[in-house]
Amino acid sequence: MNASGPRCTTFEELIRIKQSASSAIVTKSSTLHPRSGNPSPRYYEDVLGSINSMGLPNEGYRSYIEYAHLLDKRTKPIIGSISSMDGDESFEIIHKCIESKAFSALEINVSCPNIPGKPQLAYDFDGLEQFLIMLDQISSDIPIGLKLSPYFDMVHFDIVSAILARHRIDFITCVNSIGNGLFIDTATDSVIIKPKNGFGGIGGKYLKPTGLANVRAFYSRFHKLRTSIDIIGVGGIYTGKDAYEYILAGANAVQLGTSFMQQGGDIFNTINTELMDICYTKGYTMVSEAIGALKTI
Ligand code: RRO
């Protein structure tokens with residue numbers, strides 16, 4: 001499926017995802033009110049990936065409820081992405097989205113790196129736990145997951161998986177972009193994007209080893225903790241082989257961010273075909289047989 005972010009903000013973009021071979025439709029992270037986001041230029045890409053500081057441009061959660069009703073989750077699952085600009089605001093949106101019955105699942109984004117002055121909740125472990133305590137109090141008949149920041153320290157994987165195992169989280173999506181990277185243009189000796197003096201989230205090929213490691217680290221800890229939290233892998237998936245690597249690492253499903261931004265909806269078809277070929281050659285009858293099957297040496 002698509003990752004929340006590129007090409008999923010307007011109704012027209014969501015229709016195109018519905019018409020593609022994406023297995024689900026994921027919306028841009030939504031807030032209480034529409035936002036135009038950060039000033040441009042706010043996105044740039046090179047051969048290895050992208051930097052963005054979009055700043056959460058979206059049409060407001062009410063629009064996504066309306067769009068989701070029109071898109072009809074019975075014909076293709078719709079995952080509503082919700083941003084946590086502020087705890088109370090998030091809970092209001094989550095509540096209204098559940099009540100609307102428009103979505104198949106909700107993905108709560110606790111990892112946007114691009115709001116000036118607003119730290120990522122995924123890196124504030126006490127704050128994250130407090131957020132999940134509040135979330136536990138919301139009754140939901142649809143799966144609720146968290147979109148996580150990438151982690152880089154083994155102890156952080158231990159801490160975050162223990163927190164998640166204590167609460168009602170059905171899935172995690174890992175990873176969001178690597179926050180606060182910097183691209184430089186030596187023709188002008190300048191930063192390339194405008195917001196935050198050029199700092200932004202890094203996606204694409206730069207992100208794959210980090211995304212794979214995060215999926216693997218959570219998969220093995222969830223197994224030890226005997227939790228049944230599913231994992232959606234995202235970060236640098238351009239081919240069926242990339243998707244297969246994420247599945248070996250432990251992903252139940254994968255999302256496409258920068259590659260979907262660059263190549264449009266045809267990429268879902270390409271990846272599905274390539275992934276099926278790999279699974280056929282390996283002798284799997286179902287892709288799910290490969291989940292977590294990574295060997296160590
Ligand atoms: O809109 C953005 O700037 C943005 C978001 Br909400 C996010 O979660 N991750 C990202 O790389 N950009």
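The values are calculated or read from the model by the stated rules, or taken from the named source; none is laboratory data. Keep in mind the model is a prediction, meaning the values are calculated, not measured. Glycine gets a Cβ as well: all are built from the backbone with ideal geometry, and neighbour counts include every protein chain shown. Quick note on the areas: whole protein, heavy atoms, side chains included, nothing else; ligands and nucleic acids left out. Shrake-Rupley method; radii C 1.70, N 1.55, O 1.52, S 1.80 Å.
Here is how the numbers come out for the structure above:
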| read-out | value |
| --- | --- |
| Beta bridge orientation in the chain: antiparallel %, DSSP, nearest 5 | 35 percent |
| Potential extension, E129-K282 segment - 0.36 nm per residue separation minus Cα distance | 51.0 nm |
| GNM top mover of G257, G127, G235 - the chain, alpha-carbon springs below 10 Å | G127 |
| Peptides 71-77, 105-111 ordered by average Cβ neighbours within 10 Å, highest first | 105-111, 71-77 |
| Highest-fluctuation residue, I142, I51, I202 considered, GNM on the chain with Cα pairs under 10 Å | I142 |
| Residue-averaged [θ]222 nm for the chain, counting only DSSP H segments that reach four residues, each worth -39500 (n - 2.57) | -11500 deg cm²/dmol |
| Rounded to the nearest 20 debye, dipole of the stretch 63-141 from Cβ charges on Lys, Arg, Asp, Glu | 460 debye |
| Surface/4 of the Cα convex hull for the chain, nm² | 15.5 nm² |
| Share of alpha-carbon pairs per 10 Å distance bin for the stretch 64-112, given as whole % | 28, 53, 19, 1 |
| For peptides 212-224, 89-101, 270-282, sequence by mean Cβ density within 10 Å, most packed first | 212-224, 89-101, 270-282 |
| Accessible area of S139 in the full protein assembly, 1.4 Å probe (Å², nearest 10) | 100 Å² |
| Selection from S139, I229, A249 lying farthest towards where the dipole of the chain points positive, charges on Cβ | A249 |
| The chain - charge dipole about Cα centre, Lys and Arg +1 at Cβ, Asp and Glu -1, debye rounded to 20 | 360 debye |
| Distance (nanometres) between label positions extended 7 Å along Cα→Cβ at A187 and I297 | 4.2 nm |
| Protein accessible area in the chain, 1.4 Å probe - carbon and sulfur % | 55 percent |
| Magnitude of the charge dipole, the stretch 137-259, Cβ model with Lys/Arg +1 and Asp/Glu -1, debye to 20 | 220 debye |
| Kirkwood estimate for the stretch 109-242, i.e. one over the average of 1/r between Cα atoms, Å | 16.0 Å |
